[in-house]
Ligand SMILES: NC(=O)c1ccc[n+]([C@@H]2O[C@H](COP(=O)([O-])OP(=O)(O)OC[C@H]3O[C@@H](n4cnc5c(N)ncnc54)[C@H](OP(=O)(O)O)[C@@H]3O)[C@@H](O)[C@H]2O)c1
């Protein structure tokens, strides 16, 4: 997805129908109160009408300009953009590169010019020669666990800030607490499905942005959260439904009161 994409015009279907709205303005205006002991965490995913999150192993074929505008807008409200290592490997992640106007807008809102990218991994099987780790800009974060191979951990520490929490998997609650203690207030998680399921199981998802693209994919492509089984379904409340380029862009927030605010 190209950085610095101009915001696409969208219309709001619910609540208060309105035409020709700016995605950046809508996203910036959304309430994201910081919970007491961790950052606000939003998940952003795109799916086909039949629930597929990829075409041929990547998400790019599902998107249109309105989705790309939302993707970039949701990055612009975050201190940290987080993704699972499977997504980083499949999508070839690099650093976040906001446009000059987005950088200026972030600074005006008290944020650093660009968000840091955080990768969740137990294997530390990451391409440390990729631009994610070599480009100018904020140092990436790698969130891992005790059983990660020691040699890879040493190599990763050369190019990233490594946070270790948990034994055989990343203890996501402890990691969120550590990030909060370091001043992180908002995280945009870009998946993928295994990380999403673990975040849901840890009761860490405050907001779910899901874009429905008018494509049917069939096959055995994955869906937005898989793996860890939840003890009970997580209830979310519809906050807003937009339409742009034929896509439906929904914002859901967690049902019930958010934990005490900082
Ligand atoms: N449509 C969309 O919006 C969208 C968004 C994101 C991704 N995707 C697609 O999803 C696919 C990737 O799926 P995926 O399930 O592999 O993605 P993923 O959830 O990003 O990656 C899974 C990997 O993340 C790490 N991980 C996740 N939870 C962990 C935990 N609690 N502790 C330690 N490590 C943890 C592990 O990395 P290690 O293997 O390194 O240990 C695990 O193998 C790609 O095809 C991508 O294109 C689609």
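So the values come out like this:
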| quantity | calculated |
| --- | --- |
| Computed [θ] at 222 nm, helices only, for the chain once each DSSP H run of length n ≥ 4 contributes -39500 (n - 2.57) | -7000 deg cm²/dmol |
| Value of relative contact order over the chain, rounded to a whole percent, pairs C-alpha under 8 Å and six or more apart | 29 percent |
| Principal-axis tilt of helix 172-181 within the chain, Cα atoms, nearest 10 degrees | 90 degrees |
| Prolate/oblate/rounded call for segment 1-139, Cα gyration tensor, a/c under 1.5 rounded | oblate |
| Compactness of segment 196-254 as Cα Rg over 2.2 N^0.38 Å, two decimals | 1.28 |
| Bridge type composition, segment 10-253 - antiparallel percent by DSSP, nearest 5 | 40 percent |
| q = 0.16, 0.19, 0.31 Å⁻¹: log10 I(q)/I(0) that the Debye formula gives for segment 15-68, counting C-alpha atoms only | -0.77, -0.93, -1.20 |
| Rounded Å value of the spacing that divides the Cα centres of segment 185-262 and segment 23-85 | 9 Å |
| D_trans [Stokes-Einstein, Kirkwood Rh over alpha-carbon pairs] for segment 123-165, 10 °C, 1.306 mPa s, µm² s⁻¹ | 151 µm²/s |
| Helix axis angle, 150-159 relative to the chain longest principal axis, alpha carbon, degrees | 60 degrees |
| Inter-label distance for residue 21 and residue 58, nm, one decimal - labels placed 7 Å from Cα along Cα-to-Cβ | 3.1 nm |
| Rotationally averaged projected area of segment 60-143 (alpha carbon convex hull; nm²) | 5.8 nm² |
| Geometric extent, Cα atoms of segment 10-253 - Rg, Dmax (angstrom) | 17.5, 55 |
| Gyration tensor (alpha-carbon) shape descriptor, segment 121-262, a/c threshold 1.5 | prolate |
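Values in this text are rule-based calculations from the coordinates and carry no lab data. Quantities reported herein were computed from a predicted structural model and do not represent experimental measurements. Virtual Cβ from ideal backbone geometry, glycine too; neighbours counted across all protein chains shown.
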